[in-house]
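Below: one structure, written as structure tokens.
Please treat every number below as a calculation from the coordinates, not as lab data. Source: prediction; values computed, not measured. So basically every Cβ, Gly included, is an ideal-geometry build from the backbone, and we count neighbours across all protein chains shown.
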There are 2 protein chains.
Amino acid sequence: MTGTAYGIGVGPGDPELITLKGLRLLQSAPVIAYPAPQTGDSLARAIVAGHLPGGQREIAIRMPMVAERFPAQDIYDRAAVEIGAELRAQRDVAILCEGDPFFYGSFMYLFGRLAEAHKVEVVPGVSSLTACAAALGAPLVARNDILTVLPAPLPAEELRRRLDGADAVAIVKPGRHFAKVRQVLADAGLAGDARYIERATMDTQRILPLDAVDEDSVPYFSMILVHRRGEAWR
Amino acid sequence: MTGTAYGIGVGPGDPELITLKGLRLLQSAPVIAYPAPQTGDSLARAIVAGHLPGGQREIAIRMPMVAERFPAQDIYDRAAVEIGAELRAQRDVAILCEGDPFFYGSFMYLFGRLAEAHKVEVVPGVSSLTACAAALGAPLVARNDILTVLPAPLPAEELRRRLDGADAVAIVKPGRHFAKVRQVLADAGLAGDARYIERATMDTQRILPLDAVDEDSVPYFSMILVHRRGEAWR
């Protein structure tokens, strides 16, 4: 008998958007682990802070946020060793993931390291994708719509090519790539069909017209939703 | 003061995959509404049956499952009138949606009818997309992967074109289109990278190799996930 690593999607930010299953496993695990910046608070932990029973061992996986160093393989190597030791000691570990663990989550890097030697179960969560659509009141896809999810760091030319002929598009992780994305959308004649939202479902959520966004202060947790026909459900 | 219509994503099937917020609103609404087949039980209602407090008024939106009649506009028209009457009588209505309301959900048709005249709030849920990935233990997208979601009813030629050059693909709603999709994947040399799952997170969940699937008995609630590089996280 060894412990199980649970990759738990804690949802997009509103602490009430965690699932019953995620909450149960989170509260019953003797050890929790979560990504965190080099200094300061972990967002994933902050989302569930009000749910924590106290007395759990905590493993903060501290990651430098400098782009060139991301993902820092050695940091995930060490975290996997530390988590693996807990599992071998028959202690379950709840690994907290913002949104959903398998939707652009850094949990992937731990999963790749843990899954071969340990029991790993993934508890899906509400992803930023559907949370942003809900917060915007903008249906994402209906009927036979094709949905394309584009990471903003892709080159402008690639973004342009993928936007061409797409029905519904979610552009994730705009951050410091926002100016490029806004230009690509304008060039494609899609600026009027695009909606911008940041920190969806959090207290600090903001919805802005694309041209009102300050390109120098776009957070990582933001998204642009585009629907060519304007409204998915018509 | 009028009532609020809550479009609540109840998640993919496991009753424990509803969110705390969805559960709270579901239990406190005096009226619940849900899609249902012409005869028999509603899947959305079945998912939350164990959570219902009893004593709520229930509006079953019964829909013929014959493809030519779907979506039956007159049925949604009548349902919107019935729900609207409750809202005007200052009663909140919890509208249950399998998965997430805005991810290929039939809720869209009610949203289009209710949103202009009433207060409508959408509570996002765990979508089939991330639930299937979790159940398969197959990371969906990482880093700068592009995700394409393709409805299986699309013509083979369109599917073929969209698969070309895609990183990660989710083919939703295979149902009676399974044989066509399997052929398209084989032609594209992607059969080995495709994973099939039906009724993810339900007691009846099945994971099968693509060539072991009986094309005559593929349920609507099934999905094929394809990742060109085999493993998203490597």
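Is the shape of region B:16-175 best called rounded, prolate or oblate, per the rule: a/c under 1.5 gives rounded, else a/b larger than b/c gives prolate, else oblate, with a ≥ b ≥ c the square roots of the Cα gyration tensor eigenvalues? Since a/c reaches 1.5 and a/b is larger than b/c, the shape of region B:16-175 is classed as prolate.
Which of rounded, prolate, oblate describes the protein assembly as shown, given a ≥ b ≥ c as roots of the alpha-carbon gyration tensor eigenvalues and a/c under 1.5 marking rounded, otherwise prolate only if a/b is larger than b/c? Since a/c stays below 1.5, the shape of the protein assembly as shown is classed as rounded. Based on the Kirkwood approach, the hydrodynamic radius assigned to region A:99-234 is 15.8 Å, with every pair of different Cα atoms included.
For B:LEU150, nonlocal amide neighbours, meaning residues 5 or more places apart or on other chains whose placed amide H falls under 5 Å from its own, are B:ALA170, B:ILE171, B:VAL172. Taking the charge dipole of the protein assembly as shown about its Cα centre, with +1 at Lys and Arg Cβ atoms and -1 at Asp and Glu Cβ atoms, the residue from B:GLY105, A:TYR109, B:TYR6 reaching farthest to the positive side is B:TYR6. Across chain B, where is the longest run that never hits GluC sites (Glu not before Pro) in a DSSP loop with at most 15 other C-beta atoms within 10 Å? For GluC sites (Glu not before Pro) (loop position, at most 15 other Cβ atoms within 10 Å), the longest site-free span of chain B is B:1-115.
Which of B:ALA49, B:ALA200, B:ALA152 moves most in a GNM of chain B, Cα contacts under 10 Å? Most flexible of the set in this elastic network: B:ALA49.
Rounded to the nearest 20, the Cβ-based charge dipole of chain B about its Cα centre (Lys and Arg +1, Asp and Glu -1) stands at 340 debye.
Taking every alpha-carbon pair under 8 Å whose residues sit at least 6 apart, region A:4-126 reaches a relative contact order of 44 percent.
For A:GLY7, the residues whose amide H sits under 5 Å from its own are A:ILE95, A:GLU121, A:VAL122, A:VAL123, ignoring neighbours fewer than 5 places away on the same chain, with H placed 1.01 Å from N. Between B:TYR109, B:TYR76, B:TYR196, the residue with the greatest mean-square fluctuation in the GNM of chain B (Cα pairs under 10 Å linked by springs) is B:TYR109. In order along region B:29-40, the phi-based Karplus estimate (6.51 cos²θ - 1.76 cosθ + 1.60, θ = phi - 60°) of 3J(HN,Hα) comes to 6, x, 10, 10, 9, 7, x, 8, x, 4, 10, x Hz; Gly and Pro are listed as x. How much net charge surrounds B:ILE47 when only the other residues with a Cβ under 12 Å from the Cβ of B:ILE47 are counted, with Lys and Arg +1 and Asp and Glu -1? Here the count lands on -3. Based on alpha-carbon centroids, what's the gap between region A:84-149 and region A:43-58 in Å, whole number please? Distance between centres, Cα-based: 18 Å. Each label point was placed 7 Å from the Cα along the Cα-to-Cβ direction; for B:ARG24 and B:THR4 their separation is 1.0 nm. For chain A, adding -39500 (n - 2.57) for each run of n ≥ 4 DSSP H residues and dividing by the number of residues yields -8000 deg cm²/dmol at 222 nm.
Dipole magnitude for the protein assembly as shown: about 160 debye, using +1 per Lys or Arg Cβ and -1 per Asp or Glu Cβ, origin at the Cα centre. Using the Karplus relation 6.51 cos²θ - 1.76 cosθ + 1.60 with θ = phi - 60°, the per-residue 3J(HN,Hα) values for region B:203-208 come to 4, 8, 3, 9, 10, 9 Hz, with x marking Gly and Pro. Alpha carbon centre of region A:166-234 versus region B:157-199: separation in Å? Here the answer is 29 Å between Cα centres. Per residue, the average separation of C-alpha pairs within less than 8 Å and at least 6 apart gives region B:129-227 a relative contact order of 32 percent. Take every pair of alpha-carbon atoms less than 8 Å apart whose residues are at least six positions apart; their mean separation over the length of chain B yields a relative contact order of 22 percent. Between the beta carbons of A:ALA89 and B:ARG228, assuming R0 = 35 Å, the FRET efficiency works out to 0.35 to the nearest 0.05. Think of chain A as having a plus end and a minus end, set by charges on the Cβ of Lys, Arg, Asp and Glu; of A:HIS118, A:GLY137, A:ALA194, A:HIS118 sits farthest toward the positive end of this dipole. Per-residue 3J(HN,Hα) values for region B:144-151, derived from phi via the Karplus relation 6.51 cos²θ - 1.76 cosθ + 1.60 with θ = phi - 60°, read 9, 4, 9, 10, 10, 10, 10, x Hz in sequence order (x marks Gly and Pro). A Cβ-based charge dipole, computed about the Cα centre of region B:39-145 with Lys and Arg at +1 and Asp and Glu at -1, lands at about 120 debye.
Would you pull out the residues with amide H under 5 Å of A:ILE59's amide H, same chain only if 5 or more places away, H placed 1.01 Å from N? HN-HN under 5 Å from A:ILE59: A:ILE32, A:ALA33, A:TYR34.
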